[in-house]
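See below for the structure under consideration.
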Amino acid sequence: MSQYQLRVYTLRGPDALAAYENIWAKHIPGMAKHRITTHGVWTVPASAAPQLYALVSYQDADDVQERLEAYLSSPEFRADMEGFDISRIVGVDESLLTPTVDSPLR
């Protein structure tokens, strides 16, 4: 069974959200090289604090933190983030999710 993670990024404003949405499109292939599968990416632009949600998964035997750190230290990640001011991300929340018995994503 895969390990799922919901990642929630809170951005400084609508323009930061739009820019980070484009960056996430670049993240998907780089993350896949590090055995992180992206299942979906959503935005909540109309809220007081614009947010981007990403549902990703890791192989069941993988250490989630190890895989994530490998990607974050990769040349792919650095290239994706080039020109983006990281301070435009004001918060990142990560939640590991356990699929229920009847969940289509198991």
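Every read-out reported here was derived from the displayed coordinates using simple, explicitly stated rules and does not represent laboratory data. Please read all numbers here as calculations on a predicted model, not as lab measurements. Glycine gets a Cβ as well: all are built from the backbone with ideal geometry, and neighbour counts include every protein chain shown.
For residue 10, work out the one condition from (1) surrounded by 15 or more Cβ atoms within 10 Å (Cβ to Cβ); (2) in contact with a Leu (Cβ under 7 Å, 6 or more places away or on another chain) it doesn't fulfil.
It fails just one condition, (2).
Just checking, does the stretch 69-91 include any residue being closer than 13 Å to residue 7 by Cβ and among the small types (Gly, Ala, Ser)?
From the stretch 69-91, those closer than 13 Å to residue 7 by Cβ are 71-72, 89, 91; that's our starting set.
Those still in the list that are among the small types (Gly, Ala, Ser) too: 91.
So far as the stretch 69-91 goes, yes, one or more of its residues are closer than 13 Å to residue 7 by Cβ and among the small types (Gly, Ala, Ser).
Which residue pairs have Cβ atoms under 6 Å apart, sit 6 or more places apart or on different chains, and have a first residue in the stretch 36-56 that is under 18 Å from residue 71 (Cβ atoms) and a second that is in a strand (DSSP E or B) and of a type in the set (Lys, Arg)?
Here the result reads 54/7, each pair linking the stretch 36-56 to a residue that is in a strand (DSSP E or B) and of a type in the set (Lys, Arg).
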